[in-house]
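A short write-up of the structure that comes next.
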Amino acid sequence: LVQELVSKCLKARDLAYCPYSHFPVGAALLTADGAIVTGCNVENASFGLTVCAERVAVQRAVVEGHRRFTAIAVTCDIEDSFVGPCGACRQVLMEFGSDWTVYLTKPDGSYRRTSLRELLPLAFTPEHLAKK
């Protein structure tokens, strides 16, 4: 299953629309019921409107009725190091729980396993809103 997740994030990266940064990113999200939903970054000439691959995958999954996730694989074209999601994406992922596995994937398909909790320690979560 991990290899399928990694493979799909690599394929999603190839679909990225990134004419400005030339920095394609792909993501493959594993839902709690076993579906895999992909996303790629989609840039815009008005740079602030650009959407990251991870957020595209989450938004697609929500539209398809998914709200629980167990893992995500993320990749870009950097070959010599593992690259994680940006801070905004980490916060969006955290909206749906902190117990995810995150696979940081290189273009050759190798990956490093980590967790969302490790990537975003001391995160602000929906539970904090219930404590006010």
Computed [θ] at 222 nm, helices only, for the chain once each DSSP H run of length n ≥ 4 contributes -39500 (n - 2.57) = -8000 deg cm²/dmol
Connecting every pair of Cα atoms under 10 Å apart in the chain and solving the GNM, the largest mean-square fluctuation among G39, G84, G65 falls on G65
Mind putting a number on the dipole of the chain about its Cα centre? Charges go on the C-beta only, +1 for Lys and Arg and -1 for Asp and Glu, and I need it in Debye to the nearest 20.
-> 380
When the chain is treated as a Gaussian network with springs between alpha carbons less than 10 Å apart, the largest mean-square fluctuation among S81, S21, S98 is found at S21
For the chain, with every protein chain kept in place, what is the accessible area per residue (1.4 Å probe, Å²)?
-> 55
Computed over segment 1-44, the convex hull of the Cα set has an average projected area, in nm², of 3.1
As computed over the chain, the Cα convex hull volume per residue (Å³) | 112
Kindly write out, for segment 111-118 in residue order, the coupling ³J(HN,Hα) from the Karplus curve 6.51 cos²θ - 1.76 cosθ + 1.60 (θ = phi - 60°), rounded to whole Hz, with x marking Gly and Pro.
-> 8, 10, 8, 9, 10, 5, 4, 5
At a 1.4 Å probe radius, carbon and sulfur cover how many percent of the accessible area of the chain?
-> 55
Relative contact order (percent, whole number), segment 1-128, Cα cutoff 8 Å, 6+ residue spacing | 21
Along the positive direction of the dipole of the chain (beta-carbon charges: Lys, Arg +1; Asp, Glu -1; about the Cα centre), which of L1, S115, A27 reaches farthest?
-> S115
Projected onto the charge dipole of the chain (+1 at Lys/Arg Cβ, -1 at Asp/Glu Cβ, origin at the Cα centre), which of G65, Q91, L129 gives the Cα projection farthest towards the positive end?
-> L129
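The values are calculated or read from the model by the stated rules, or taken from the named source; none is laboratory data. All of these numbers come straight from a predicted model, not from anything done at the bench. A quick note on method: Cβ atoms are made from the backbone with ideal geometry, for glycine too, and the neighbour counts reach across all protein chains shown. Accessible surface is based on the protein model in full, side chains and every heavy atom, while ligands, DNA and RNA are left aside. Shrake-Rupley method; radii C 1.70, N 1.55, O 1.52, S 1.80 Å.
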